[in-house]
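Novice: Below are the C-alpha cells for one structure; questions will follow.
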Ligand SMILES: Cc1cc2nc3c(=O)[nH]c(=O)nc-3n(C[C@H](O)[C@H](O)[C@H](O)COP(=O)(O)OP(=O)(O)OC[C@H]3O[C@@H](n4cnc5c(N)ncnc54)[C@H](O)[C@@H]3O)c2cc1C
C-alpha cells in the first residue's frame, strides 16, 4: 500500500514545483525571525525597525520608548544594554557511532550536521525561558546530531536505525513552539537526534476539483500560503507564526489560526495524514470527506507533540482564494462592551474570518507602535482623537478596539460588514476604519521581534493563552490580571507589570483569550525563573477561573505538571498506555506531556 494517498488520475491534478528556500529569507539563530529584520534604538533614543521586509520596516517609532517608560514606571536608557552572551557554552555531542555509520547508507553528508549553533537552535522553541537561556543562561543538553531527511523512506529508515542503535528522535518543524516542546531532557543518556523536517516541503499535489492538497509536513506556512495562492487556493490556516511554523508542527501542537472562524482549526482542515511511528507507518488508502471507521488514530496525532511519531505528509482541505478581503475595526467605550459584542457576534451567521478584541492597554500599545505622523496625517489623527474623546465621549483610559478581517464573496463580505457594524452599534461601538484594522493584523508579525529587542533593555515579556466559556471570559481576565498584579507587588518587583489581554478565536460556547505579560527586571535575580513562577501562578488562576490549560499552544514540558489537575488518573493512564504500546523503546523520547 502506498504511504501517501494518491491523487485521482485526472487533469484536475496540479503538481507544483518544489519550493526552494531563498537565501534572503535566512533566519536568525539567536532571536526570532528573519536575519534582515530587527528593532533597535537610534541615536535620538527612538525605536526603529531595521530592514525592509515589513510595513513597519524603516520606520521610526518615536512613541514606543516613552510609552514603555510610562507604562512600566521605569527609566530605560538606550546605553544601558543587557548584552547577549549568545552563543553560550554548547554541550558537546553524545556520540552514537553505530547510528552515525548506519545513516550514512541513506543520507548524504549534507543531510547530517554536528554544528554547535544549529544543535543549540534545534534544542529550543520560543518560550521566554528558552530565549533567555540561550543568550544569558545555560543549557544542560541540546540535540547531539541533526538530520535532514528529504523523503518518507529516509524517515522510515531513520526510525529503524534509531531503534537498532538506541537513539532518541525529536521531530523539528519551525522551532516556533512556546511550550518547551523541543527542550532536551538533561537526564536523557541516549544520543538525541533532531529530525529537521523542512527539506520535506513539497506540495505533492493539488486536486482542484475536490479542493484538497497533499503537502509534506516540513512545508513552512508562508510557502504553503504563497504556493497555494499561485494556483488560486488557500488552506486558510494562518497562525501568527505562519512565516516560520510548519504543517507537521501545526498538527503536532493542535494549532489554531487567526482566521479559524471561517476556515476552522487545524483539526478541521486536515483530512488525512501519514505518520512514521516506532512500529511502522500509519497511513490510509483515501482521504474521504468524513468517515466512521472506529477508533481513529489520526485524532491522536493532533497535539501529539513529537511523542508518537513523525508526521511526514497530510491531505488538507483547500478553499478558493476569497474574492474580497477587507479589514475593519471598531472602538468600544469599555472592554465589557466589546466582550458583549463578541459573544453575540459568535452566535450570528455573520462572524468575520478573524475578530480580535484588545483591552485598553493593548490598544495603547498599538498606538505606541504607530510611526510619527507628518503633514496632513498629524491633523487627521488629532481630529480623529478629538472626535472619539470629545464628541463620542470615550475615555482614553478605558476604550478598547476590535480588529476584523472579512473574507468571502463581495456579497458575503458586504453583508457581514453591515451586520457587524449594526451589532457594534448595539454595544456603543463606532467604526474606526479599515486602515486601523489592517495595521492591527500587521503588528502581529512584529511582536516576537519586539520581545527580543526589549530583552536587550532588561524587559522580559511573553504571551500565554487559554479558552473559556463566555460566562467565564470577563471574570477570568479580571482574576488573572489581579492575581499577577498582587503577586508582582508582593514580590516588590520593579516598577509596574505589563499585563494585557485580548479575546481572539470565537466559538458559540466561548472564546480563546490571549495574555501578554512582561516586566522590567534590572536588579531582579534570575528574572526568567521569576517570570516562570508568575506565569505558573497565572495558569493556576486561569484553571481556577474556568479556563483551559491551552487553547492552541499545547502542553509540551512547560505545562505538563498541570495535566493531573485537569484529567483523571485513568485519562492520564490511557495516554501512557498508548505511548507504551506504540513506542515501547521510547524512540520518540522528547518527553512532552510526561509521555
Ligand atoms: C510569535 C508566535 C506566534 C504564534 N502564533 C500562534 C498562533 O497564532 N496559533 C498557534 O496555534 N500557535 C502559535 N504559535 C505557537 C507555534 O507557532 C505553534 O505551536 C506551531 O504549530 C509550531 O509549529 P513548528 O513547525 O514551529 O513546530 P516546532 O516548534 O518545531 O515543534 C513543536 C512540536 O511539534 C513536534 N513536531 C514538529 N514537526 C513534527 C512532525 N512533522 N511530526 C511530528 N511532530 C512534529 C516537535 O517535536 C515539537 O514537539 C506562535 C508562536 C510564536 C513564537
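Novice: Restricting attention to the stretch 363-380, does a residue exist that is over 22 Å from the mean Cα position of the chain (by Cα), buried (at least 23 other Cβ atoms within 10 Å of the Cβ) and on the phi < 0 side of the Ramachandran plot?
Specialist: No, because not a single residue in the stretch 363-380 is over 22 Å from the mean Cα position of the chain (by Cα), buried (at least 23 other Cβ atoms within 10 Å of the Cβ) and on the phi < 0 side of the Ramachandran plot.
Novice: Looking for whichever is at pLDDT below 95 and either within 16 Å of the ligand (Cβ to nearest atom) or assigned to a loop (DSSP other than H, G, I, E, B) (or both) here; the options are 441, 514. Which one fits?
Specialist: Answer to the selection: 441.
Novice: Moving on. Return the residues of the stretch 162-178 that are in a helix (DSSP H, G or I) and crowded, with 24+ Cβ neighbours inside 10 Å; say none if nothing qualifies.
Specialist: Answer for the stretch 162-178, where residues must be in a helix (DSSP H, G or I) and crowded, with 24+ Cβ neighbours inside 10 Å: just 162.
Novice: Can you go through 447, 477 and tell me which one is touching a residue at least 60 places away in the same chain (Cβ under 8 Å), at negative phi, within 16 Å of the ligand (Cβ to nearest atom) and touching a strand residue (DSSP E or B) at 6+ places or on another chain (Cβ under 9 Å)?
Specialist: Within the list 447, 477, the selection yields 447.
Novice: Please indicate, with yes or no, whether at least one residue in the stretch 258-277 is closer than 16 Å to residue 181 by Cβ and under 19 Å from the mean Cα position of the chain (by Cα).
Specialist: Checked against the condition, which is being closer than 16 Å to residue 181 by Cβ and under 19 Å from the mean Cα position of the chain (by Cα), the stretch 258-277 yields at least one hit.
Novice: Something else now. List pairs: first in the stretch 233-257 and under 11 Å from residue 304 (Cα atoms), second more than 7 Å from the ligand (Cβ to nearest atom) and part of a loop (DSSP other than H, G, I, E, B), Cβ under 7 Å, 6+ apart or cross-chain?
Specialist: 250/237; 251/302; 253/303; 254/302; 254/303
Novice: Here's a check for you: in the stretch 101-127, which residue that is within 30 Å of residue 463 (Cβ to Cβ) and part of a helix (DSSP H, G or I) is nearest to the chain's Cα centre (by Cα)?
Specialist: 121
Novice: Within the stretch 480-490, track down each residue that is surrounded by fewer than 18 Cβ atoms within 10 Å (Cβ to Cβ) and free of Cβ contacts under 8 Å to residues at least 40 places away in the same chain.
Specialist: Within the stretch 480-490, 482, 485, 486, 489, 490 meet the criteria.
Novice: Only helices (runs of 4 or more DSSP H) wholly contained in the stretch 240-307 count here; list those with 3 or more residues that are more than 9 Å from the ligand (Cβ to nearest atom).
Specialist: 260-263, 266-269, 297-301
Novice: Right, here's the next one. From the list 306, 294, pick out the single residue that is under 27 Å from residue 583 (Cβ atoms) and over 19 Å from the mean Cα position of the chain (by Cα).
Specialist: Every option except 294 fails the conditions.
Novice: OK, next. Do any residues in the stretch 295-324 that are more than 25 Å from residue 205 (Cα to Cα) have Cβ atoms under 9 Å from those of residues that are in a loop (DSSP other than H, G, I, E, B) and away from the ligand (no atom under 16 Å from the Cβ), where the two are at least six apart or on different chains, and which pairs are they?
Specialist: 324/409
Novice: Look at residue 75 and say whether it is over 25 Å from residue 131 (Cα atoms), assigned to a loop (DSSP other than H, G, I, E, B) and free of Cβ contacts under 8 Å to residues at least 60 places away in the same chain.
Specialist: In short, no.
Novice: Can you find, within the stretch 537-572, the residue that is nearest to the ligand (Cβ to nearest atom) among those that are in a helix (DSSP H, G or I) and closer than 20 Å to residue 302 by Cβ?
Specialist: Looking at residues that are in a helix (DSSP H, G or I) and closer than 20 Å to residue 302 by Cβ, I get 560.
Novice: Could you list all residues from the stretch 462-474 that are farther than 17 Å from residue 257 by Cα and away from the ligand (no atom under 12 Å from the Cβ)?
Specialist: 468, 469, 470, 471, 472, 473, 474
Novice: Let me ask another. Return yes or no: is residue 234 modelled with pLDDT of 95 or more and within 13 Å of the ligand (Cβ to nearest atom)?
Specialist: In short, no.
Novice: What number of residues in the stretch 160-176 are touching a residue at least 24 places away in the same chain (Cβ under 8 Å) and more than 6 Å from the ligand (Cβ to nearest atom)?
Specialist: Total meeting the criteria: 9.
Novice: Continuing with the same structure: Would you mind listing the helices (runs of 4 or more DSSP H) fully within the stretch 347-432 where at least 1 residues are in contact (Cβ under 8 Å) with a residue 60 or more places away in the chain?
Specialist: Once the helices (runs of 4 or more DSSP H) in the stretch 347-432 are filtered for at least 1 residues that are in contact (Cβ under 8 Å) with a residue 60 or more places away in the chain, what remains is 360-368, 410-426.
Novice: Among the residues of the stretch 128-159, how many are part of a helix (DSSP H, G or I), more than 15 Å from the ligand (Cβ to nearest atom) and closer than 21 Å to residue 113 by Cβ?
Specialist: 2
Novice: In addition: Report whether or not residue 222 is in a loop (DSSP other than H, G, I, E, B) and either at pLDDT 95 or above or closer than 16 Å to residue 306 by Cα (or both).
Specialist: Taking the combined requirement at face value, the residue does not satisfy it.
Novice: If only one of 68, 90 is at pLDDT 95 or above, in contact with a helix residue (DSSP H, G or I) (Cβ under 8 Å, 6 or more places away or on another chain) and not in a loop (DSSP other than H, G, I, E, B), which one is it?
Specialist: It is 68.
Novice: Mind counting the residues in the stretch 457-510 that are in a loop (DSSP other than H, G, I, E, B) and more than 22 Å from residue 543 (Cβ to Cβ)?
Specialist: Residues meeting the conditions: 8.
Novice: Restricting the first residue to the stretch 554-575 and requiring it to be surrounded by fewer than 12 Cβ atoms within 10 Å (Cβ to Cβ), which pairs with a second residue that is in a loop (DSSP other than H, G, I, E, B) meet a Cβ separation below 9 Å and a spacing of at least six or different chains?
Specialist: 565/549
Novice: Now, a different point. Being over 16 Å from residue 452 (Cα atoms) and in contact with a helix residue (DSSP H, G or I) (Cβ under 7 Å, 6 or more places away or on another chain), is that true of even one residue in the stretch 27-43?
Specialist: The answer is no; no qualifying residue exists.
Novice: Moving on to the next point. Residue by residue through the stretch 179-218, note down the ones that are part of a loop (DSSP other than H, G, I, E, B), in contact with a helix residue (DSSP H, G or I) (Cβ under 9 Å, 6 or more places away or on another chain) and within 10 Å of the ligand (Cβ to nearest atom).
Specialist: Passing the criteria: 179, 180, 181, 182, 183, 197, 200, 217, 218.
The values are calculated or read from the model by the stated rules, or taken from the named source; none is laboratory data. Small disclaimer: the values here were computed from a predicted structure and weren't measured. When we count neighbours, we look across all protein chains shown, and the Cβ atoms used for this are built from the backbone with ideal geometry, even at glycine.
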